[in-house]
Structures are given as structure tokens and as C-alpha cells.
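Take a look at the structure set out below.
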Amino acid sequence: MYHFKEPKEAYEITRQFIRDGKSAGVIEFPPYITFELVNACNFRCIMCPASYMKRQKQEMDFSLFKKVIDEILRYGSLIRFIGYEEPLLYSRIKDAIKYVKRKGLLLHITTNGSLLNDETIKVFVDNKVDSIIFSFQGLTKEEYCFMRNVRPEMYDKVIANIGVLYRARKGRKPYIKITTTTTDRDKIYDKNKFIKEHLNYTDEVQVTGFTHFIHIDQGSDKKNIWQELGISRPQKKENVKCFIPNYEMLIKGDGNIYACCGDYTDSLLIGRAAEKNLFDIWHSKKAEILRKTINSGDLDKFKNCAVCPIRYKYKNIDSTVVNSRTGRVEKFSKS
């Protein structure tokens, strides 16, 4: 069904699928599948809801993982290891990488970069992981450490790890990207410095103009987060409709399947991989009812959707993407 040569092609399909804020229906099978392999992280970032949740560590049974990958192989979807977790904490992460790539599927990983070592880097390179995003916050070392709740030496370690991977890779795989989000605390004059510095050991740097805190405000005891951080609370948009469940699927470590990769509340459950195959879950009555509700704009129906960033208007969003090889700069603003 899908014959992707690079990860971005999977996202291009979804963009073609949505036109002028309207959906063409439900895609036959998701062009990318997100795996949250383990519900644990070694960071306690202040903007992440997982930092405020008490969860018993749980990770995906490897036999179930292989079963699911074997089904996805029929459709050729992009595999993504991302989520409200650190994928490198999965006890069988090396085996998972090898299995996906042995099957010929494209693989993307988003990581904080702190757990990279020579052995992991060798697995990334030897198995030709297709792309890796290193996630940051802020435009300076100081802001990164504040938002990520880590000591300065952790920042230095992450930078060093990225550099080792960059020098070790072969044939430009994995494609390396750094992304960061900003708040009112960041200074606009630091943006070009941030981009220029990190382009030395990446293929692409992206700066996005907001860090979301609504879910922290409404889902934890941090009701004064805006005053504590000295940032402005975004305004809520009216009449927002969402079509993400029409093309996106998340599989968590317990094998449960959700209709959005941002579901940290478990409110968008549509099935269980141990009980049915993915195709049947995707086209199930439960998934159909959920999509109808969310597509109509009734987002308060689900706890996760009620605090989703697409419902909020941020001031002065100025997102920039810079490619180190071509020098191409893309800027886009939206409210």
C-alpha cells in the first residue's frame, strides 16, 4: 500500500488528506504508526504531563510488538518511537530497532538524547534508522536546563552524544534533526544563534513558537504555572474541529490503541492489539463514534482533547526550519 522512501512522505499523505479544514473521510490505514514502548522517562520536564503523573512502569511485550509490526508490514506504514516517554528506556529497544528495519519499514525515533552511548549509536547506524529528532526546549542552555529540569552537564552530554552520532553515521542515515519550542521567556535575538550553533552537527533545526502548558494548568496542581514562569496564557479558539483520528494511531506499552499520538490521558482508546488486528480496530464502531464526535468539534467530550494545543491561540508564533545541507530556510506564522 505505502512504499515510502523517506519519512516525510508519510506526513505528506495526511496533508493531502485534509483540505481547507475539512476531511475527505477516514484513510484506509494510518500512513504512520506511533509506538509508546514504555511509559517512563528519565527527565522531569516542567511542561510534560508525564512529570506530574504517578504511573507504574509498563513496557510492551516483545512478542506483541513483533505481531503488530508484522501486520503493519502489509501496509508499509512509517514506524515512530515517540511519546510522553523516552524510547531508549525500553529494555528491548535494540531488538525493536533491528526487527523494524529487518522488515524493511521506515523508522523514526524522537529522544532527549541523554541515554545515547556507543552501543546504541552503532545499532542506529548499522541498522540505518531513517530519522532521529532530538527534542529541546528554549533557545539557550540555561532555558533548556530550566524547562527540562536538569543540570548544565546534562545539556553538554546531550550535545556531545548528538555529535558522536553525526560523525558515526553512514550515507546520511539517520537524518538528524533538533527541534525546540519557546515561550515568552526566550529572547528573539537568541534564535539565530541557536540555529547556527546546532547546524554544525545536524541536518535540520526547527524552532517552534510555543511551549504548551494548558494541560499542566488543568491537569495538575500547578494552577499558577503562568505566574510562576512569567509567561502569558494563550487564548482559546472557537469552533475548532479535529481530524487527527482519521489518519493517526498510537500503540502504548500495554498494547492499547489510541486515536491520537498525544493521548496521555488514555481517553481516546479504540481497541487492544492483543485482542484484534489493527485494521479491524481502525475500522471499528468504537473508532467511528469517536471520530464523529471529534470531527464535529465536540472536543470537551474527551479529557485529552479538552486541553489540546490546537484549541489555543498563541501570540507571535514564528516557526523556522533550517536545512544545513541546502541552506533552505522556511518560516511560517499562524495564530
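Some points to look at:
- Each of Y201, P87, Q58 was placed along the dipole of the chain (beta-carbon charges, centred on the mean Cα), and the one lying farthest toward the positive end is Y201.
- Each Lys and Arg adds +1 at its Cβ and each Asp and Glu adds -1 at its Cβ; summed about the Cα centre, the chain shows a dipole of about 420 debye.
- Here the chain carries DSSP beta bridges of which approximately 40% are antiparallel, counting only pairs with both residues inside.
- Computed accessible area, R311, all protein chains, 1.4 angstrom probe, square angstrom: 20 Å²
- Where labels lie 7 Å past Cα in the beta-carbon direction, separation of Q56 and K141 in nm: 4.2 nm
- Listed residue (C48, F29, N112) projecting farthest to the positive dipole end of the chain, Cβ model: F29
- Helix-derived mean residue ellipticity, 222 nm - over the chain, DSSP H n ≥ 4, -39500 (n - 2.57), to 500: -8500 deg cm²/dmol
- Cβ distances below 4.7 Å define possible disulfide partners, and in the chain the cysteines left without one are C41, C145, C242, C260, C261, C305, C308.
- Hydrodynamic radius by Kirkwood, which averages 1/r over all alpha carbon pairs of the chain, in angstrom: 20.7 Å
- Full extension of the chain segment joining K122 with S296 gains 58.0 nm, where the gain is 0.36 nm per residue of separation less the Cα-Cα distance.
- Nonlocal amide H pairs with C260, under 5 Å, H built at 1.01 Å: L250
- Efficiency of FRET from Cβ geometry, K94 and R167, R₀ 30 Å, rounded to 0.05: 0.90
- Cα-based convex hull volume of segment 71-113 per residue, rounded to whole Å³: 77 Å³
- Taking amide hydrogens as placed 1.01 Å from N in the peptide plane, the amide H of Y32 sits under 5 Å from those of L78, each at least 5 positions away in sequence or on another chain.
- Pairs from K66/K313; K252/K286; K57/K292; K285/K313; K191/K237; K57/K303 whose Cα-Cα separation, in the structure shown, is over 29 Å: K66/K313; K57/K292; K285/K313
- Difference of contour (0.36 nm per residue) and Cα-Cα distance, H3 to H283: 98.6 nm
- Over segment 187-265, all Cα pairs binned in 10 Å intervals from 0 give whole-percent P(r) values of 12, 25, 33, 28, 1, listed from short to long.
- Between T326 and K276, the modelled label-to-label distance comes to 4.1 nm, taking each label 7 Å out from Cα in the direction of the beta carbon.
- Across segment 226-335, the convex hull enclosing all Cα atoms gives 173 Å³ per residue.
- Cα pair count fraction exceeding 17 Å, expressed as % - segment 92-138: 30 percent
- Projected onto their three principal axes, the Cα atoms of segment 1-136 cover extents of 40, 34, 27 Å, largest first.
- Distance from segment 160-190 to segment 74-134 (C-alpha centre basis), Å: 17 Å
- Here the calculated FRET efficiency for S220 and E197, from their Cβ-Cβ distance with R0 = 41 Å, stands at 0.80, rounded to the nearest 0.05.
The values are calculated or read from the model by the stated rules, or taken from the named source; none is laboratory data. Just so it is clear, the structure is predicted and the values come from calculations on it, not from any experiment. Every residue, glycine among them, receives a Cβ derived from its backbone with ideal geometry; neighbour counts consider all protein chains shown. These area figures cover heavy atoms from the full protein model, side chains too; ligands, DNA and RNA do not enter into them. Shrake-Rupley method; radii C 1.70, N 1.55, O 1.52, S 1.80 Å.
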